[in-house]
Amino acid sequence: MKIYTISQNTINNRRVYSNSTTPQKVVNSTNTNSTSRLTQPKLQRVPANLSLVYFCGLIPAANRLSKSDYLISEYIKEIGKARYLHGDKSVVDLSMGNPDLTPPEKAKEALKAKVNDLWSHRYNNPKGEGALLDEVGNWMQKRFGVKINPKTEVMVTSGSSDAIDHIFTAYTNYKDKVLVPNPGYSLYDDLITRHDLKKEQFDLKPENGYLPDFSKFPDDAKILILNYPHNPTGSFAPKRVFEEAVKWAKEHKTLIIHDMDNSEVTHYGRKPVGIMQVDGAKDVAFQIHTMSKAQSMPGLRVAFTVSDKENIDNLLNAKYLSGGSVYVPVQHATIAALKDEEGYINKINKIYRERKTLQSNGCTDWEVR
Ligand SMILES: Cc1ncc(COP(=O)(O)O)c(C=O)c1O
């Protein structure tokens, strides 16, 4: 088997970074295989009798485009290119949490079954299909023991990244402060850049079990992002952390996003706590779950968010600003995945546990948690 490795250098070498504060032009390379590059504008003279000077790449891109390293997108793009050039089987992708297992059988069946429905191909309710909202209600009760009103307290989005994007649109103004975990998931930074917000990191240290220290938080943050189980350390937060978070958020008028991306990818049947399990959390918090990880459906782009009616209405208004909704067959696949009649979650967790054991046995000098 041929293994195509992609290193950070490969990615960095593809892009010309600029420290300039002036906007840079995006000029397409003549090589169709290469990525767009940020380069200095190119001046070209045309014949004198035309009396004009033509600037190639005249319209400067927004400053925010030069503020990201586009790490995640670059990885995804490079992997797509390697698959195209060398075939799917040649790629061993260790770059990011991109499941290499296929979705639950029942989810795939539900997806196929809905493809022939007329209503699957029309504009649909941006909030989500009624049947999926109801299923989320059942799932929240079964999984967390939390009763929500599925009609008013849930919204479906195109992945959790999309949910966070809309939450920022709904709640922030220019340069509002967003608190993000360090270490943490890099797309939070990109969304902060996209919305012209101010990032402030809070450190998660091993000696504190990677838990936040609220006494060190600033008074003036608009949004706090909590991500447990935590990417990249895999640590869990106990309920008392969320109780403290809700109390702190109410005192400081800060909105909390609890990103539970990996809530179901756990070993030995552990069930991480969700912020909605804290009384009164709905007033100040969103809890987000994606189908990208435990259900192996990242390509289908679907997630859901739970909060109180007022927050969900704000989120929905933010979504209206950009339009769009999740493809109906994908929502029906999500219903089947949440029902999990085939015990899919247990099966994938067993596979991941076996891989973890293999890795920790093979890499004796690593601490694998
Ligand atoms: C912590 C965290 N949040 C959000 C996401 C994005 O997930 P989605 O596919 O739902 O947009 C990821 C993906 O790796 C993640 O690790």
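Under the classification rounded if a/c is under 1.5, otherwise prolate if a/b is larger than b/c and oblate if not, where does segment 105-344 fall, given a ≥ b ≥ c as square roots of the Cα gyration tensor eigenvalues?
prolate
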* Straight-line reach from LYS339: which aspartates and glutamates have a Cα under 15 Å away, not including same-chain ones fewer than 8 places off? -> GLU105, GLU109, ASP134, GLU135, GLU264
* Which one of ALA131, ALA221, THR157 has its Cα pushed farthest toward the positive end of the charge dipole of segment 105-344, where Lys and Arg give +1 and Asp and Glu give -1 at the Cβ? -> ALA131
* Which value, in debye to the nearest 20, gives the size of the charge dipole of segment 105-344 about its Cα centre, when Lys and Arg are +1 and Asp and Glu are -1 at the Cβ? -> 220
* Could you sort out which of LYS112/LYS350; LYS271/LYS356; LYS222/LYS282 sit more than 23 Å apart by Cα distance in this structure? => LYS112/LYS350
* DSSP loop chymotrypsin sites (Phe, Trp or Tyr not before Pro) in segment 112-196 with at most 16 other Cβ atoms within 10 Å of their Cβ, which ones? -> TYR123, TYR174
* Which of the aspartates and glutamates could a cross-linker span from LYS81 if the Cα-Cα distance has to be under 20 Å and same-chain partners fewer than 8 positions apart are dropped? -> ASP69, ASP93, ASP100
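Computed from the coordinates by the stated procedures, all read-outs in this text should not be read as laboratory data. Remember, it's a predicted structure, so these values are computed and weren't measured experimentally. Backbone-built Cβ (ideal geometry, glycine too); neighbour counts: all protein chains shown.
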